[in-house]
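Written out below as structure tokens is the structure these notes cover.
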Amino acid sequence: MSTTETRAPLAAPAGKARRDPAARARRTLVYVLLTLGLIVTVAPFLWMALSSFKTQRELGASPPVWWPSEWTLDNFRELLDRMDVGQALFNSLLVAVFVTVCNLLFCSMLGYALAKLNFAGKRPIFGIVLGALMVPGNLMLLPMFVMMSAMGLIDSYAALILPFAAGAFGVFLMRQFIQAIPDELLEAARMDGAREWYIFWRIVLPLVKPALATLSIFVFLGSWNNFLWPLVATNDPGKYTLPVALATFATDPTQADGSNGVLMAGAFLVVLPVLLVFVLLQRFFTQGIATAGLK
């Protein structure tokens, strides 16, 4: 005998139905908080960028004008007339690029040695690296100045580059990434007759590209924005980096009086190269942060 059964459609669990509004409310709250955080973070940079293209009338308008009604490059022209922007920009690029390249090379070399090589004093050296991470950077200003002065390097590019040619953070970062490379891979290369420099250059470095990109962003950003040490180590305006030159211009009442637009244009020039570097290396930077979170 056959029977015909009528099945009612499955209903969603009552508990889930009750949870959905609460989950949507929490998700909406998170989005609102993230949006507010984004506005608070981006608003000063957006104001600076827009103000660099405003006229003096709009800069002093009340209430403030966010979007310029007429775009002008007069602030940039005036900045170029009043400051030696080209020289300051060259100094900043030179120092930042050399410091970044030196850190990528030296930190990766020492990180490789601490991660994959066995030698006497390995553990004490790594302990010194960890200890250096805990020392405030400003505490080293006086010893670095005395050292550079004794070497006769004050007012030179070497004084701006050498103290930051390798950093404890970079060594620690590269050591942690290189340590994740399988030892079997390196042993196989050694059994095939590869020397340590070949292994480091042709095997290790290609495998830690995300770490190199992450380190390059951090080092370039820190070197580009470094203000206190270039101010201490240089007295010659021809060796001023862009932040120091802009700060010197801003504190000179004979130059910066009534030149808010010029200062905004200078600040915009300081920020622009950092944004370009981050945009170019964003993919590797994100990959490096994600990989670091899995270790």
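The values are calculated or read from the model by the stated rules, or taken from the named source; none is laboratory data. All values derive from a computational prediction rather than experimental measurement. Note that each Cβ is placed from the backbone with ideal geometry, even for glycine, and that neighbours are counted across all protein chains shown.
Filtering segment 157-188 to residues that are surrounded by 15 or more Cβ atoms within 10 Å (Cβ to Cβ) and outside any helix (DSSP H, G or I) leaves ALA165, ALA166, GLY167, ILE181. The set of residues from segment 58-77 being surrounded by 15 or more Cβ atoms within 10 Å (Cβ to Cβ) and either of a type outside the set (Ser, Thr, Tyr) or touching a His at 6+ places or on another chain (Cβ under 9 Å) (or both) comprises GLU58, LEU59, VAL65, PRO68, ASN75, PHE76.
Of LEU221, LEU231, all but one fail to be assigned by TED's automatic domain parsing to the domain that holds VAL95, assigned to a helix (DSSP H, G or I) and over 18 Å from ALA165 (Cβ atoms); the exception is LEU231.
Can you find a residue in segment 148-156 that is on the phi < 0 side of the Ramachandran plot, assigned to a helix (DSSP H, G or I) and of a type in the set (Val, Ile, Thr)? Outline the logic, then answer.
First pass over segment 148-156, keeping only residues on the phi < 0 side of the Ramachandran plot: 148-151, 153-154, 156.
Next, only the ones that are assigned to a helix (DSSP H, G or I) stay: 148-150.
Next, only the ones that are of a type in the set (Val, Ile, Thr) stay: none.
No, the conditions are met nowhere in segment 148-156.
Yes/no matrix, rows are residues, columns are (1) at pLDDT below 90; (2) among the aromatic types (Phe, Trp, Tyr):
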site: SER69; (1), (2): yes, no
site: THR72; (1), (2): yes, no
site: ASN75; (1), (2): yes, no
site: ASP81; (1), (2): yes, no
site: PHE98; (1), (2): no, yes
site: ASN103; (1), (2): no, no
site: ALA113; (1), (2): no, no
site: ASN118; (1), (2): yes, no
site: VAL135; (1), (2): yes, no
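Scoring TRP197 on the criteria (1) modelled with pLDDT under 90; (2) within 26 Å of PHE98 (Cβ to Cβ); (3) surrounded by 13 or more Cβ atoms within 10 Å (Cβ to Cβ) leaves a single failure, condition (3).
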